[in-house]
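**Student:** First the structure, then my questions, so here it is.
What follows draws every value from the coordinates through simple rules; no lab data is involved. Only a predicted model underlies this, so the values are computations on that prediction, with no experimental measurement involved. Every residue, glycine among them, receives a Cβ derived from its backbone with ideal geometry; neighbour counts consider all protein chains shown.
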Ligand SMILES: [Fe+2]
């Protein structure tokens, strides 16, 4: 597969990268799903959280891995080995949304929009960067990464967004009759990081 082009937004210093490439489709009908027990408008997520380890999804896994490795090389500029640690399908029917959350135990997360007609991905901070300097009620003329504690990412079919999974994120409600179908994956660093001479060696 040829390299992709990334649109990188430094969301409060975090590398949020979007690219668009048509990958293999996952057959969503093969899996069982669950939502939040206390919220009927929450996204339905596959009970299987290793869907890309299924043999029929092998090529999709390889495609996502290749883009994540390109992100690591080009955007992060590091050489550490990354390994996919989990993968799932998230489905939002009309009126449903993925509520704000963050992923524990991840280095980066990747989401692939197999099908989407409505609903942006957003990131949230407790305070904007300006508010972190001085917590004032600023006279905001237009939203920027410096004055906003929320940043929205427009998404379209075949978009893949890569971001640090511990950033608080969510999606706006799906206002379309067409289901929004997202394949997600978490990655963590694998292997040896650091050096004995720096007393930083860590085997993961
Ligand atoms: Fe997420």
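**Student:** Across all directions of projection, what mean area in square nanometres is found for the Cα convex hull of the chain?
**Tutor:** Values: hull surface 56.1 nm².
So the mean shadow area of the Cα hull is 14.0 nm².
**Student:** Going highest first, how would you order 138-150, 171-183 by mean Cβ packing within 10 Å?
**Tutor:** Descending packing order for the listed peptides: 171-183, 138-150.
**Student:** Here's something else I'd like to know. Grab the eigenvalues of the alpha-carbon gyration tensor for the range 1-44, scale each by 5, take roots, and send me the semi-axes largest first in whole angstrom.
**Tutor:** Equivalent ellipsoid of the range 1-44: 30, 21, 6 Å, largest first.
**Student:** Just to be sure I understand the curve: with the Debye formula and one point per C-alpha of the range 67-111, what is log10 I(q)/I(0) at q = 0.19, 0.26, 0.29, 0.30 Å⁻¹?
**Tutor:** The computed values of log10 I(q)/I(0) come out as -0.76, -1.05, -1.17, -1.21.
**Student:** Can I get the semi-axes of the range 99-146's equivalent ellipsoid? Compute them from the C-alpha gyration tensor as square roots of 5 times the eigenvalues, in angstrom, largest first. Please list the in-between numbers first.
**Tutor:** On the way: eigenvalues 160, 58, 15 Å².
Semi-axes (√(5λ), whole Å): 28, 17, 9.
**Student:** Quote to one decimal, in nm, the extra length available between residue 53 and residue 140 on full extension: 0.36 nm per residue of separation minus the C-alpha distance between them.
**Tutor:** Length gained, residue 53 through residue 140: 26.6 nm.
**Student:** If you don't mind, there's one more thing I want to ask. Using the basic label-point model (7 angstrom from Cα toward the beta carbon), what is the residue 197 to residue 29 distance in nanometres?
**Tutor:** Spacing of the two 7 Å Cα→Cβ label points: 6.0 nm.
**Student:** For the residue pair residue 158 and residue 37, what label-to-label distance in nm results when each label sits 7 Å from Cα along the Cα-to-beta-carbon direction?
**Tutor:** Inter-label distance under the simple model: 4.2 nm.
**Student:** Work out the FRET efficiency for residue 178 and residue 75 from their Cβ-Cβ distance, taking R0 = 35 Å, and round it to the nearest 0.05. Let's see the in-between values first.
**Tutor:** On the way: r = 31 Å, r/R0 = 0.88.
Efficiency at R0 = 35 Å is approximately 0.70.
**Student:** Compute the separation of the alpha-carbon centres of the range 119-159 and the range 4-74 and state it in Å as a whole number.
**Tutor:** Centre-to-centre (Cα) distance: 23 Å.
**Student:** Let me ask something additional. Ignoring everything except DSSP H segments at least 4 long, calculate the 222 nm mean residue ellipticity for the chain; use -39,500 (n - 2.57) per segment, divide by total residues, nearest 500.
**Tutor:** Computed ellipticity for the chain at 222 nm equals -2500 deg cm²/dmol.
**Student:** If I model a spin label as a point 7 Å beyond the Cα along the Cα-Cβ vector, how far apart are those points for residue 117 and residue 150 in nm?
**Tutor:** According to this spin-label approximation, the distance is 2.4 nm.
**Student:** For the range 120-178, what does the equivalent ellipsoid look like in terms of its semi-axes, each the square root of 5 times an eigenvalue of the Cα gyration tensor, given largest first in whole Å?
**Tutor:** After scaling each eigenvalue by five and taking roots: 26, 14, 10 Å.
**Student:** Dividing the Cα radius of gyration by the Kirkwood radius, what Rg/Rh value follows for the range 38-139?
**Tutor:** Across the range 38-139, the Cα-based Rg/Rh ratio is 1.04.
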